[in-house]
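Chemist: Please see the structure below; I have some questions.
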Amino acid sequence: MPSVIEAQNLNFAYVRVPVLENISFSVQAGDYVGIIGPNGGGKTTLLKLLLGLESGKGQIKLFGQPLTDFKNWRKIGYLAQKSPVSQSRFPVSAEEVVLMGLSARHGSGVSVSELKQVHEAMQQTRTREYAGRIFHDLSIGQQQRVLLARALVSRPELLILDEPSTALDPESRGMFFNLLGELNAKHGVTILLITHDTGEVGKYISKFMYIDKTLVFYGTKEEFCHSAAVAEKLGSFAQHTIDHLHNHGHCPLGCSCGEERK
């Protein structure tokens, strides 16, 4: 499969304090990568480097193009940990929030094709019924799905999300991750996701990335369960129970490592 992201020797520091050191990895089309690691380990900074929101050292390619030359940002949908839309009290409708995702549009009107894209994105995220409602009148879970629709409205091939389930109740969290799993499995959207909700995301992801200033681990769920580096960081028990689920007594990550609940 072609590479969607290629990162080589990424380094970043705040006022000479290292945040990320010598990070190298590639993400293939169709991957669903769950990024985990301690708070302050550099996970959000890594996403910002990939999106050109921060500048560091090293090389980044998106869809085979150097980051400095990349122009087709409609290929990428991004859902930040804190959205300016969520923090603003401006009385904008849910449909208008989704329309914001088509940032490259020109003129004051909305074309038929653009409106179709908005409706498709809202249909995908089960938010079409909220189209005319004021965004801030929605629940947090409903708002987050509207923001996901905004990230999807340009029909991206790559979706990057930074802890999107923060503050969601269990039902909303489950629905949200089911939607992401469907986007990946049925529509082939490549997903890069920072999360602490490994209990939900572990059902769907194809790879784990463990970041703690350096790249501790990057590979499949099976490899995660056998990684000595992960065991050293988390402990061997947490290595297999990181998502807090043991379906049918077997490893919760859904792999074939044979680890059973103690």
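Chemist: Residue by residue through the stretch 172-181, what is 3J(HN,Hα) from phi via Karplus (6.51 cos²θ - 1.76 cosθ + 1.60, θ = phi - 60°)? Round to whole Hz and write x for glycine and proline.
Modeler: 5, 5, x, 4, 4, 6, 4, 4, 4, x
Chemist: Can you list the lysines whose alpha carbon sits under 24 Å from that of K48, skipping same-chain ones fewer than 8 residues off?
Modeler: Those lysines meeting the cut-off are K57, K61, K71, K75, K82, K207, K213.
Chemist: Now for a separate question. Using the Karplus curve 6.51 cos²θ - 1.76 cosθ + 1.60 with θ = phi - 60°, what ³J(HN,Hα) values do you get for each residue of the stretch 31-39, in whole Hz, with x for Gly and Pro?
Modeler: Each residue of the stretch 31-39 in turn: 5, 10, 9, x, 9, 10, x, x, 4 Hz.
Chemist: Around N22, with a cut-off of 11 angstrom between Cβ atoms, what is the net charge of the other residues, counting Lys and Arg +1 and Asp and Glu -1?
Modeler: +1
Chemist: Here's something else I'd like to know. Quick one: what are the phi-derived ³J(HN,Hα) couplings along the stretch 185-196, Karplus 6.51/-1.76/1.60 with θ = phi - 60°, whole Hz, x for glycine and proline?
Modeler: Each residue's phi maps through the Karplus curve to give 6, 9, 10, x, 6, 6, 10, 10, 9, 8, 7, 9 Hz.
Chemist: Okay, moving on. If packing is taken as the average number of other Cβ atoms within 10 Å across a peptide's residues, how do 56-65, 138-147 rank, most packed first?
Modeler: Most protected by this proxy first, the peptides run 138-147, 56-65.
Chemist: Continuing with the same structure: So for the stretch 1-58, averaging the separation of alpha carbon pairs under 8 Å that are six or more residues apart and normalising by length, what relative contact order in percent results?
Modeler: Reported as a whole number, the value is 37 percent.
Chemist: Quick check on the stretch 1-102: take the gyration tensor over C-alpha atoms, sort the square-rooted eigenvalues as a ≥ b ≥ c, and tell me if it's rounded (a/c under 1.5), prolate or oblate.
Modeler: Oblate shape, in that a/c is at least 1.5 and b/c is the bigger or equal ratio.
Chemist: Compute the signed sum of charges (Lys and Arg +1, Asp and Glu -1) over the other residues within less than 15 Å, Cβ to Cβ, of F176.
Modeler: -2
Only the coordinates and a few stated rules stand behind these numbers; no lab work does. What you see is a predicted model, and the numbers here were worked out from it, not measured in a lab. In this analysis, Cβ positions are derived from the backbone assuming ideal geometry, glycine residues included, and neighbour counts consider all displayed protein chains.
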